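Engineer: Here you go, one structure.
Please treat every number below as a calculation from the coordinates, not as lab data. It should be emphasised that the depicted structure is a prediction, and the values quoted were computed from it without experimental measurement. Here the Cβ positions follow ideal geometry from the backbone for every residue, glycine too, while neighbour counts run over all protein chains shown.
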Amino acid sequence: SGIFSMCMRMFSGCFRDCMECLPKPPAILPRTFSLLHLKGKRSENDGEHSSQSKKKDKSKDKDTDKGRFAFLGGIDNECVLMIFLMLVFTVFASFITNGEEVYLVSQATLHSKTLGVVWKPEGLSRMEDFTDIRTFEQVEEWSRSFLKEMYANTQCLVYVNDSGIYHSMNIEGAIATSCDNKNNWNQLVQRVETQNTGFLNTTFVRLTIQPACFVSSTGRRWSDGSPYVRATPKLEECASTRCTDVLSQQSCRTADGMSLAMSEISNITVKSTMDSTNISDRVTYNFSAAGTDLGSYNMNGGFVFSFGNRPEDCLEKLRYLSEDGWFSQNSASMVFDWITYNGNIDMFTKNMVSFSLLGTGEMRKTSFAQTIPLNISQGGGFLEAYRITSMVLFWVYFLLVAYFMVRYVLDMKNARNDEQFMDRSVGFFLKAWFGDPWHWTDLISLTISTYCIVCVFLFVMHKFRNDYEFRVDSNAKYEVPNSDVKKYGMAKAVDPQRPLQDDWYIFMQFESLVQMFRTILLMTALNSFFISIKVVKYFGKIGRIKPFSVTLGQGMARNTAFAFAMLMGMVGFSFFFHIIFGHVAPGFETFSQALLTIFNWIVGQYDLTELFEVHFSMALISFLLYMVAFYFIAVNMFLATMLNTYSTQVGKLDIKSAKLQSEKNRKSKMVEYPDKAMLSKDLKFEFDTEINEFIIMVDGVAPEGAASRAGIIAGSVLSKVNREKDKWKRETVEDMVNDGIQKDDRRGTITLIFRDRAGLHDHFGGNLFHKETGDNIKPTVKNFWVTQGAIASVERRLGEEDFAGLGKGAADSGEKADSEPSDDEAAAEGDDQGLQVGMFTKLGRARTKKRLERLLFSRWELCGQDGARVEPGKFWIDPDTH
């Protein structure tokens, strides 16, 4: 519960940060998708329609998704949902993996007792361990030490009276002989590191041997020296594949010449028991056919040996194998596996150690321990709360994945129904759709998520997982379903071989569950990566992170091409080192290993001792050439390419930011419409009777329309239509919309320019120098006349006076250029005056400022009233000339 509360607090913090910092995700049809893929592919008849649809897209690109999923707030919530999905999935994955507990259990059941054992070989003074194994003879030495450790703590569970409780007792004295698994009052078990128990009835450790197939040599030249050659696949690890199929395809023998014909292989008798006069005392090897017979590891086929539940039985079976020569080249692979149960965490652990002898003589060793739960929502002691929470998180994850799947399909459907794709083929649309890499990542992530969910459902609904229980009482023990008894040809319940076959069936079911659980973990790991990539898509829009994300996006083609060129050069060097040094130096045995080795050289990990021993001068020269070419030149060029792309993108983003800030600070706002119908749908107008009946004001703005995105709100004042001030004006709003506002003949659109209404009330009747805060501000040219449109008007009047010979020269007026207003002051006046201001000289600006400074303190009156109130907009006219 504490972890769950912490996760919820983390989610709430992420939610706030996302809403404050993250912009809206890009439109479903990004610019590169809607325009780049269609460039130059439309006919001339489509050109006019295309230009119209592009303009419509500006008003539609954010409307297509807002209406859907309104209960989630539209597309604005997609980022939050994705972060929530990642959080849910991460916590769910951490709960089902139980990383620390699983690691500690594997250390106890596999590493300490198996991989950590040491022994002293005969005739040698040093000790050997698992890493020293190179031959099956060494495997025999290892198995003796390993099995001794595994069976060292064998105990007998004894039923105490009628309490239903079993007590563990060491098998000593009478207990050693009387403890029999056939009795309902006791059970032999094996304790591994005290807390992990081997619980099966007849088998604790199982061994599967796939015999190597040798056939007569067909080469006369070498037949005397090697009469038999190995037919078993030479380079395959037989421990993980089916190498027994060759037994039915060729006349196979062991290296000693013993026949392995399929008709005789089931009758091979242990040599030490062949001389027994009592046939029942003779022991034959059990051979399981691949894919059909129970017993072998992963049902790959081979000889199956159960080392039993007692230490003495284990040692006897090991002696049989040694005397019959299986710890030699007669074996292609050996797999030791066992299952333990830990009641403290209520989980089972499947352990495996394998050895595969290749045709080249190399010994391949693998090992793993996988811990899985059979109880999903109960048991597990202190882990029970985690299991319940994980199930709740799984269903939340399922719903989120379902939502994003529906969202993805609807996005594709809406994109397909877009005007630019309605007449196009499906192939053309899919090519354009998947031209966006984010659509690929979304599809891959959803596919992996779906597969992961299916695997979880299959694991939860697995019949064996639901039904299995191990009991000492034979009447309550797990029973193999009758259908599987017939399928695998198992013996009858009264047959002495049936308990052994039951254990083999349990081994097979655990192998199935482990494989399924490992698939879930693999899909979980892959999905974690792709979900993180999807979150990066949104976090890449944050201002401080955007330069890096844009750098990766814009420089992808250039960097990929350069990386490919580097790879081709490394391929050449890999072949060189593989051919020259691969036969003796480790790390260069194969081309792939050589490529990995020289890649490690670039990152600073290298040891040339083995190469120098082969050929000092060749190794030194080739190493220096490679490091100079790649470490000093290629890597630095690659970094320079990235830095150049980064600096270019940072410069572009700075320019874009400056432009956006400039647009934000502008007093006027512009919006374009393709036709009058779109305008009427988006905006409503009215006359502003409060201030001036000739002012056209916005009465209503459609939500999420083009005007709303441009920052136009109710109360904004219409200033110009198609750059014209007055031609569009009419006596009524209806006449203005229907008759006055028309398309621009040159542009083919309707362009409207609006100004903010703020300040107009002061201009026409309010206190000119008083803000809502009550603070008095000293009026100057910069904070007063600039906002009134006075600079351009006064300059225009001064120009007219000069042209008519009425004005005085700059020298007579005493106006100096050092008092001229700045360019920012003149430009801040607005779009309609800004161009005209630039037409006057610095001297004219100085005269204008001088005139305005005089007007600041010369309010004129007309008929005893303030001129500013009598003639709105004219209070800055010189009263001397009025």
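Engineer: Using the beta-carbon distance between GLN249 and THR269 and R0 = 35 Å, what value does 1/(1 + (r/R0)^6) give for FRET efficiency, to the nearest 0.05?
Structural biologist: 0.90
Engineer: Averaging over every viewing direction, what projected area does the convex hull of the Cα atoms of segment 262-391 cover, in nm²?
Structural biologist: For segment 262-391, the mean projected area of the Cα convex hull comes to 11.6 nm².
Engineer: R0 = 35 Å: FRET efficiency of ALA493 with ILE444, Cβ-based, nearest 0.05?
Structural biologist: 0.10
Engineer: What list of whole percents do you get for P(r) of segment 349-482, with Cα-Cα distances grouped in 5 Å bins up to the one holding the largest distance?
Structural biologist: The distribution over segment 349-482 is 2, 7, 10, 11, 11, 10, 10, 9, 9, 8, 6, 4, 2, 1, 0, given as percents.
Engineer: For segment 449-538, take the alpha-carbon Rg, divide it by the Kirkwood Rh, and send me Rg/Rh.
Structural biologist: 1.19
Engineer: What percentages make up the Cα-Cα pair-distance distribution of segment 693-754 when the bins are 10 Å wide from 0?
Structural biologist: Per 10 Å bin, starting at zero, the Cα-Cα P(r) for segment 693-754 comes out as 21, 53, 25, 0 percent.
Engineer: Using just the Cα positions, wrap segment 418-464 in a convex hull and report its mean projected area in square nanometres, one decimal place.
Structural biologist: 4.7 nm²
Engineer: Further question on the same structure: Whole angstrom only: what separates the Cα centroid of segment 410-472 from the Cα centroid of segment 234-274?
Structural biologist: Here the answer is 46 Å between Cα centres.
Engineer: Another question, if that's okay. Among LYS271/LYS487; LYS234/LYS365; LYS350/LYS534; LYS271/LYS486; LYS431/LYS743, which pairs are too far apart, with a Cα-Cα distance over 25 Å?
Structural biologist: LYS271/LYS487; LYS350/LYS534; LYS271/LYS486; LYS431/LYS743
Engineer: Could you compute Rg(Cα) / (2.2 N^0.38 Å) for segment 566-632, with N its residue count?
Structural biologist: Working it through for segment 566-632, the quotient is 0.97.
Engineer: Continuing with the same structure: Per residue, how big is the convex hull of segment 92-156 when only Cα atoms are used? Give it in Å³.
Structural biologist: 129 Å³
Engineer: Continuing with the same structure: Compute the length gained on full extension between ASP675 and LYS486: take 0.36 nm times their separation in residues and subtract their Cα-Cα distance, giving the result in nm to one decimal.
Structural biologist: Length difference between fully extended and current span is 60.3 nm.
Engineer: Sticking with the crude label model, points 7 Å out along Cα→Cβ, report the distance from PHE434 to PHE470 in nm, one decimal please.
Structural biologist: Between PHE434 and PHE470, the label points sit 4.9 nm apart.
Engineer: Beyond 26 Å, what share of the Cα-Cα pairs of segment 554-684 is found? Please give it as a whole percent.
Structural biologist: 51 percent
Engineer: Sorted from largest down, what three extents in whole angstroms do the Cα atoms of segment 490-629 have along their principal axes?
Structural biologist: 76, 55, 20
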